[in-house]
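All remarks here apply to the structure that follows.
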Amino acid sequence: MTAPLLSVETLTAVSGRDGGRPILRGASLTVARGEVHGLVGESGAGKSTVAKAVLGMLPATVRVAGGRVLFEGRDMLTLDRPALRAILGTDISLIPQDPQTALNPARRIEAQLTDGLRLRRGLSARAARARALELLDEVSIRDPARVLAAYPHELSGGMRQRVLIAAAFAIEPKLVIADEPTTALDVTVQKQILRLIRGMQERHGTGVVFVTHDLGVVAQICDRVTLLYMGKVVEEGTTADMLERPRHAYTRALLAASPRYDRPDAGLQPVPAAVFDELRREIAVFDAREARHG
């Protein structure tokens, strides 16, 4: 059996600021090479904390209390900064959520696309510019030479997000973390961006962790899904199983509360309070067990 590209194993994290408030409760997931894995949950579920743990970007106020984050068998949590930097931006890259703040407003797009190519791939300035033009064309940007010469504020939100996708795939990483990259976009542009990410992923054979709160997005792009609630994994499986044959009451309730494009006449139902009560009981059991063993 082929080893997974990424394996998050029973990851537990607490907030150090208030004396140990749990943020992640034994979260686990695996990502195969060439797979798009959805990391799903409502706000505060712990999705971004898992992503930041993979990227070595956890804030100082968060302490890992247990578990491992294995990328190609190496625990990212135990690497020193030089070893981590050698992986980040080369084998692992990020598509941030907000292109307006992710791009440097004082630098032209060309500089922001070619820096990584020159630093990580050793390309000359001319070769890096040629590759940047190819990448912009690959993400369906018209007149890429004009875009390279532009500043971020001169581009639309959709074009800025395309630039970030091009930057993420420029160095041909093995894994891309996509942190809610379509949240700030309208529905039409969102669909285009999802198609672009999937196309780039398939052409490059890249593994993707796709962080989102939107089950509609999951249906469009993900092969497998992990659903979180308050830092605990509620359910994990293929996208088809999760959407058509959900096992947990919370998953079923979320689907009933979400619009379905294939069932436009179906009414939406609020998540019953009893479902949240059951989740909190499960979490209380986990916390009590951790307290006994901690």
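Against the conditions (1) within 15 Å of the chain's Cα centre (by Cα); (2) surrounded by 21 or more Cβ atoms within 10 Å (Cβ to Cβ); (3) not aromatic (F, W, Y), A32 satisfies every one except (2). Answer with yes or no whether T101 is free of Cβ contacts under 8 Å to residues at least 12 places away in the same chain and under 18 Å from the mean Cα position of the chain (by Cα). Yes; evaluated as a whole, the condition is true for this residue.
One residue alone among T182, T206 is under 18 Å from the mean Cα position of the chain (by Cα), crowded, with 17+ Cβ neighbours inside 10 Å and farther than 24 Å from A256 by Cα, and that residue is T206. Within segment 82-110, the only residue that satisfies the criterion of being surrounded by 15 or more Cβ atoms within 10 Å (Cβ to Cβ), among the small types (G, A, S) and assigned to a helix (DSSP H, G or I) is A102. Per the conditions (1) in contact (Cβ under 8 Å) with a residue 24 or more places away in the chain; (2) farther than 25 Å from G44 by Cα; (3) not small (G, A, S), the sole criterion not satisfied by T188 is (1).
With E134, E138 as the choices, which residue is modelled with pLDDT under 95 and under 27 Å from T183 (Cβ atoms)? Going through E134, E138 in turn, the sole match is E138. Of all residues in segment 39-67, those that are touching a residue at least 40 places away in the same chain (Cβ under 8 Å) and within 18 Å of the chain's Cα centre (by Cα) total 17. The condition (being hydroxyl-bearing (S, T, Y) and touching a Leu at 6+ places or on another chain (Cβ under 7 Å)) is satisfied by just one residue among T49, T2, T10: T49.
The values are calculated or read from the model by the stated rules, or taken from the named source; none is laboratory data. Treat the numbers as computed from the prediction; the structure is a model and nothing was measured. Counting neighbours? That spans all protein chains shown, and the Cβs are built from the backbone with ideal geometry, glycine included.
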